[in-house]
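Undergrad: One structure follows; several queries about it will come next.
The values are calculated or read from the model by the stated rules, or taken from the named source; none is laboratory data. No experiment lies behind these values; they were computed from the predicted model shown. Note that we place each Cβ from the backbone using ideal geometry, even for glycine, and neighbour counts take in every protein chain shown.
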Amino acid sequence: MGKIKQLTSEIIAMIAAGEVAERPSQILKELIENSLDAGATRIEINLKNSGLDLISITDDGQGMSEEDIKKCWLKHTTSKISSQEDLERVLSFGFRGEALSSIAGVSHLIIQSREENQISGYRIVIENGQLIDEKPAGMPIGTTIRVEQLFADIPARKKFLKNPTLELKKLIDTITEIALVNPQVSFTVFNNGKNILNTGVKQNDIFKRVEYLLGNKIAKQLVELKFNSDNLNIRGYISKPQLSRRNKSKQFLFINGRAISDNGLSKIVKKTYGPLLEPHAYPIFILNLEMEPDQLDVNIHPHKHKVEFLEKVDVIFQLQSAIEQTLTEHDLTYKFDNPQQEELALRDKHTIAHTRDFLKESTEMFNVKEAPIEEEIIQIDNTYLIYQSKDGLVMIDQHAAHERILFGQFKEQFLKTKPQLVELEKGAALDLSLTDLESLKGLTDFLNNLGFKYSQKKQKTFLTHVPELFLKHDYLSLILELIDNYELGLRDQLVDSQTIRVLNFLACRNAVMAGEYLTMTERRNLINKLDEMTGAYICPHGRPVRVVISVGELEKIFLRK
């Protein structure tokens, strides 16, 4: 007897449901997207027991006819596409025709809807994939869908869910994500009869939506991003370096309004911040990339949270440009907001003596001991400089400030130093994977311009020449980092992380120290030099150089308003 068997329709339905209806939050996402596709401007959501007992969603969208209601829950039925051409230019959120069918297989499902030209609506009831009731229903224009007793007959699925508190958090995260990019739609959410979210009336102001959903403290540390090109528009907000997180929980990425997950693009955003962020910090962002639908494939994952770009390298380049442009255009000075900053430790444990000595000897370092005096600057604890400006009370960490100035000087000297090639007598073996080797070939011209040369012998790769500045580096790590940047599209990243550590070390060790007394002339000199620099908001270790307390904040502190 053969081993291969035809699966029963019940098992097939459960497998299909497992792809779409994994947990309450995924089901809610599908239902909200259906409402948005129907043109809803008001969506009300009711939950019980974190969605396991009830997920109900009511919208004021265009509704469905009786005929469509009877079809909508059947397998592979959809109003969104009808041809291959439609699939190649998907404009709606839903299109696979799987969601309601999958949900119907694992719950007690009630669907009722009414179109504008109908006197009444129509209602159907499906239980575990079987239609058990249908009849007319009095209701306003729109659609209501109730998902009851989720996974009641599938205890194996239920046991893999998190506790109710975590499942509710996932539901709220899902609603927040969708609501952020749809300010034209009002959302009201109840859990166990308690109102837990109400965005208010619809409004086309995404910043007010961000402020409501993420909080005022986050919103006021965001800067608006607007970027336009022939094939890509980017809209949204990115955080000032002051507002960084220890995780990626506040990173929201959308393509044509569709929430997606793309680690590559998230890495690009962080990398573009460069030294403005310390290594283990992540920026907050809400970004919507708008492009022609035929330039991407949204049909590569059942949950539709991943997409494939036709020209990803171009998307990466433009996203990087948009972030750089926005960060350059805004004042990123730290503003006092009663922050509780985590202490950041120095991490300069690894330095490379050759590169350090070379740069130290060839760079004319800024000296704080020379400058005219203009006005009084107070030095606190021989570490912090305090003075008044048009922005309010300014506080500067003298070590961080001098360190940032020196870092910029050392980096400038490094970049303008003409590579002096040194031949490695035995060559440095590069143990590369096949994919890394292919990427290396695409980097050949780039590496040659930097002063690196390699050769291949008997299917092995050897580094034969390196710039003098890079002698005694960990060559394999350096090449792999350049390959990673190349694959991410960061082809203009000319300074590797090892060299950055050396520059950090040089700047740190040559800067005036915390606890060192500075004369009034030296204090003014330091501030003047800092003011001449652009983007000098953060020291190389990610700590703020300058913090401003506005007059308004001072008035709050002293209870004057």
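Undergrad: Report every pair of residues separated by at least 6 positions or lying on different chains whose Cβ atoms are under 6 Å apart, first residue within region 208-229 and in the same structural domain as I286 (by TED's automatic domain parsing) and farther than 13 Å from L180 by Cβ, second of a type outside the set (F, W, Y) and surrounded by fewer than 18 Cβ atoms within 10 Å (Cβ to Cβ).
TA: V223/H330
Undergrad: Inside region 125-145, can you point out the residues that are under 22 Å from L52 (Cβ atoms), buried (at least 17 other Cβ atoms within 10 Å of the Cβ) and among the aliphatic types (A, V, I, L, M)?
TA: V125, I126, I145
Undergrad: May I ask you to list pairs of residues, at least six apart or on different chains, whose Cβ atoms are under 9 Å apart, with the first in region 262-280 being under 14 Å from R246 (Cα atoms) and the second being surrounded by 18 or more Cβ atoms within 10 Å (Cβ to Cβ) and among the β-branched types (V, I, T)?
TA: Close Cβ pairs (under 9 Å, with a partner that is surrounded by 18 or more Cβ atoms within 10 Å (Cβ to Cβ) and among the β-branched types (V, I, T)) amount to L277/I538; E278/I538.
Undergrad: What are the residue pairs meeting all of these: first residue in region 442-454, first residue free of Cβ contacts under 8 Å to residues at least 60 places away in the same chain, second residue part of a strand (DSSP E or B) and of a type in the set (F, W, Y), Cβ atoms under 9 Å, and 6 or more apart or on different chains?
TA: T444/Y454; L447/Y454; Y454/F462
Undergrad: Which ones in region 239-260 are out of contact with any helix residue (DSSP H, G or I) (no Cβ under 8 Å at 6 or more places or on another chain) and among the polar types (S, T, N, Q)?
TA: Q242, S244, N247, S249
Undergrad: Inside region 46-120, counting only helices (runs of 4 or more DSSP H) that do not spill past its ends, which hold 2 or more residues that are modelled with pLDDT under 90 and within 25 Å of I172 (Cα to Cα)?
TA: Passing ranges, in order: 99-104.
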